[in-house]
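What follows is one structure encoded as structure tokens, with my remarks underneath.
The values are calculated or read from the model by the stated rules, or taken from the named source; none is laboratory data. What you see is a predicted model, and the numbers here were worked out from it, not measured in a lab. Here the Cβ positions follow ideal geometry from the backbone for every residue, glycine too, while neighbour counts run over all protein chains shown.
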Amino acid sequence: MKSPEYGSDLIVDLMKCYGFKYAALNPGSSFRALHDSIVNHGENERPKIVLCCHEEIAVAVAHGYAKASGEPGLAICHDVVGLQHASMAIYNAWIDRVPILVLGATGPSDPTGDEPFPRLAPVHTAHLQGQLVRDYVKWDYQPNSLPGVVESFARAYKIALTEPMGPVYLCYDAKLQEDRVHEMPAMEPPEKFLPSAAPSGAPQKLREVVDQILKAEKPVLITGMVGRKKDTWKSVVSFVELLGLAVIDQGMRFNIRNTHPLTVTGDEKEVLQEADLVLALDVVDLYWALHRLGDRHERLGNPGAKVISMGLEDFTVRSWGESRRLVGTDSSIIADTLVALPEMARYASERLAQDEGARRRVEERVGALRQRHEAIRGRWMKEAERQWDLRPVSLPRLLLELKDLLAPHPWSLVNTGTATSSWARRLWDIEEPEQFSAGNPGGGLGHGIGHSIGAALAGTGSDRIFINLQADGDLLYALSGLWTASHLKIPLLIVMTNNRSYYNDEEHAEHLAVRRKRPVENKTIGFRIEPPTVDFAKIAEGFEIYSEGPIEDPKKLRGALERALKVVREKHRPALVDVVTQPR
């Protein structure tokens, strides 16, 4: 490694030392020195620049990379205006509990002197810049010295990866970046700053949970973000198979394969009404796990059921942005489920070995749940058959045509909209964590294309095909992400689920019109994205991406998907198929 000449060289050495492979960014004069150092000191390797045309896309790329790889992502943002652009994507990462380092720049904070800093630097300087995002990052810091740069980078890395994980923000003064290094600060190896071990849960409390499950007749497990670490899903499977638990999977991570016979997602109301015990693991919002919105808030569960919550959500509470409903529980345990589940499984094995009645109850539950699981899957297939010939194309048909074409190939679903996420988990066989890194619980639009690119970068060197089920309204926020996908030659199949509407809000308008006794036919005003209808295929063509569409006739769907898939598979380039779909 070359010795750093400038402060910005030192920052690049830190990125390399801590293993960052990519730096997603949109250029900005406030970090011109850092950009120069990545290119000329670091030779644009580790990290390699991922050029984006908007900071929101850059942070989403880092988000997708971190979620798919299990390693922290890195994005760099221009001073005040760049961070303002990036703020929504940072919030998405915060809600999704994803570890990313966002590096920013400011100043120079001291405007005196005659160094040739950019004319707009004073307008783009804030004290302190981190206040823009402080309420939805785990930590922010602006070092004032090179030793401070080294120490704060190590601390940021450690904080981002310590559970519950999340984004951090570091801001570097322009003068600090551009000044020469006169004395090299001490640098300890990253191994000295590994994430802190998360709490495993009070052993007595964990044993009490197992004892209560063994006494229950119909216990249910709700899985939220358990699978945020790739090996945790194996502990989930071992635990539920051992105890015969019904599993309702919220789909926020790969928590359990959706084909597992103990999964009953889709029968939430019926299953929770029958339950006498509910164990919620890493559920971000327990209230909405136990309720659904109709004309009123409808409680799904049996009011007499015991409710046990386990996870690290209590560590994420902030005064700003914290308005989740408080749910009464019979037990609430702060624990890292990665550690707690194996401990609970060991204790359960000991108890089951001594309790024949409990073993019999587990066997009976497993048999009944297997039948229920098969009935749920069968019901979804019947519904898909019912919608098969609808025009525009139904989401079930789109998903089943894709499933069939992807069957011979390794694939990964890296982005979905709300409706496509539900249908994918109903109809596809998602068997391993590498097949699923989609989802955006923060709900900020413009996320999908950047996240898809980042997730695909995490699979660089594999032969996987990356699938982005891309909502139209979401892509319109961040169309320039198509340029980045094309520029990087990402093997990404982008399938537009184009309902030509901000349909979620259209549903709200309809609901409100009914409640207020107002004209339901007005529900489309201000929500439909037509006229004009957007031709996403032509837009993609302008970015040198192979494209077809718009396709409304379901009979023309398979051929278009097949041709696009061939481009992705054989040429290792992105392709886009614009499919006009039913809204749900």
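Please identify the pairs in which a residue from segment 412-427 that is in contact (Cβ under 8 Å) with a residue 60 or more places away in the chain has its Cβ atom under 8 Å from the Cβ atom of a residue that is of a type in the set (D, E), counting only partners at least 6 apart or on another chain.
So the pair list comes out as S412/E434; G417/D474; R425/D249.
Go through (1) more than 27 Å from the chain's Cα centre (by Cα); (2) of a type in the set (A, V, I, L, M, F, W, C); (3) crowded, with 21+ Cβ neighbours inside 10 Å one by one and return the number of the condition F254 breaks.
(1)
How many residues does segment 109-134 contain that are modelled with pLDDT of 70 or more and under 26 Å from M88 (Cβ atoms)?
Number satisfying all stated conditions: 10.
Of the numbered conditions (1) closer than 30 Å to E217 by Cβ; (2) outside the structural domain of D249 (by TED's automatic domain parsing); (3) aliphatic (A, V, I, L, M), L475 fails exactly one; give the number of that condition.
Result: L475 passes all but (1).
Regarding segment 537-556, can at least one residue be identified that is part of a helix (DSSP H, G or I), over 27 Å from the mean Cα position of the chain (by Cα) and of a type in the set (V, I, T)? Working first, answer last.
First pass over segment 537-556, keeping only residues part of a helix (DSSP H, G or I): 537-542, 554-556.
Retained after the next criterion (residues that are over 27 Å from the mean Cα position of the chain (by Cα)): 538, 541-542, 554-556.
Next, from what is left, pick out any that are of a type in the set (V, I, T): none.
Among the residues of segment 537-556, not one is part of a helix (DSSP H, G or I), over 27 Å from the mean Cα position of the chain (by Cα) and of a type in the set (V, I, T), which makes the answer no.
How many residues are of a type in the set (A, V, I, L, M, F, W, C), under 13 Å from the mean Cα position of the chain (by Cα) and in a helix (DSSP H, G or I) when one looks only at segment 62-102? Walk me through it before giving the result.
So in segment 62-102, the residues of a type in the set (A, V, I, L, M, F, W, C) come out as 62, 66, 68, 74-77, 80-81, 83, 86, 88-90, 93-95, 98, 100-102.
If we keep only those that are under 13 Å from the mean Cα position of the chain (by Cα) too, we end up with 62, 66, 68, 89-90, 93-95, 98, 100.
Keeping just the survivors that are in a helix (DSSP H, G or I) gives 62, 66, 68, 89-90, 93-95.
Residues flagged as of a type in the set (A, V, I, L, M, F, W, C), under 13 Å from the mean Cα position of the chain (by Cα) and in a helix (DSSP H, G or I) within segment 62-102 amount to 8.
Find the residue count for segment 528-569, including only residues that are acidic (D, E), at pLDDT below 95 and either out of contact with any Lys or Arg (no Cβ under 6 Å at 6 or more places or on another chain) or crowded, with 18+ Cβ neighbours inside 10 Å (or both).
To start, the set of residues in segment 528-569 that are acidic (D, E) comprises 530, 535, 541, 544, 548, 552-553, 562.
Those left that are additionally at pLDDT below 95: 530.
Those left that are additionally either out of contact with any Lys or Arg (no Cβ under 6 Å at 6 or more places or on another chain) or crowded, with 18+ Cβ neighbours inside 10 Å (or both): none.
Residues in segment 528-569 being acidic (D, E), at pLDDT below 95 and either out of contact with any Lys or Arg (no Cβ under 6 Å at 6 or more places or on another chain) or crowded, with 18+ Cβ neighbours inside 10 Å (or both): 0 in total.
Examine segment 385-393 for a residue that is buried (at least 18 other Cβ atoms within 10 Å of the Cβ), out of contact with any helix residue (DSSP H, G or I) (no Cβ under 8 Å at 6 or more places or on another chain), aliphatic (A, V, I, L, M) and in contact (Cβ under 8 Å) with a residue 40 or more places away in the chain, and state whether such a residue exists.
Scanning segment 385-393, I find no residue that is buried (at least 18 other Cβ atoms within 10 Å of the Cβ), out of contact with any helix residue (DSSP H, G or I) (no Cβ under 8 Å at 6 or more places or on another chain), aliphatic (A, V, I, L, M) and in contact (Cβ under 8 Å) with a residue 40 or more places away in the chain, so the answer is no.
Evaluate the following for G251: is it farther than 28 Å from P99 by Cα and in a loop (DSSP other than H, G, I, E, B)? Steps first, answer last, please.
On the way: farther than 28 Å from P99 by Cα: no; in a loop (DSSP other than H, G, I, E, B): yes.
It is false that G251 is farther than 28 Å from P99 by Cα and in a loop (DSSP other than H, G, I, E, B).
Those residues that are of a type in the set (V, I, T) and either part of a helix (DSSP H, G or I) or surrounded by fewer than 24 Cβ atoms within 10 Å (Cβ to Cβ) (or both), I need them from segment 147-176; list them, please. Write out each step before concluding.
So the first thing to find is which residues in segment 147-176 are of a type in the set (V, I, T), and the list is 149-150, 159, 162, 168.
Across segment 147-176, the qualifying residues are V149, V150, I159, T162.
Exactly one of (1) among the hydrophobic types (A, V, I, L, M, F, W, C); (2) in a strand (DSSP E or B); (3) without any contact (Cβ under 8 Å) to a residue 24 or more places away in the chain is unmet by A375. Its number?
Of everything listed in (1) among the hydrophobic types (A, V, I, L, M, F, W, C); (2) in a strand (DSSP E or B); (3) without any contact (Cβ under 8 Å) to a residue 24 or more places away in the chain, A375 misses just condition (2).
Filter segment 489-527 for residues that are surrounded by fewer than 16 Cβ atoms within 10 Å (Cβ to Cβ) and touching a residue at least 40 places away in the same chain (Cβ under 8 Å) and give the result.
Taking segment 489-527 first, the residues surrounded by fewer than 16 Cβ atoms within 10 Å (Cβ to Cβ) are 489, 505, 507-508, 511-522, 524-526.
Of everything in segment 489-527, those that are surrounded by fewer than 16 Cβ atoms within 10 Å (Cβ to Cβ) and touching a residue at least 40 places away in the same chain (Cβ under 8 Å) turn out to be K489, R515.
For segment 404-420, what are the residues that are at pLDDT below 90 and under 22 Å from Y65 (Cβ atoms)? Lay out the reasoning, then the answer.
Filtering segment 404-420 for residues at pLDDT below 90 gives 417-420.
Within segment 404-420, G417, T420 meet the criteria.
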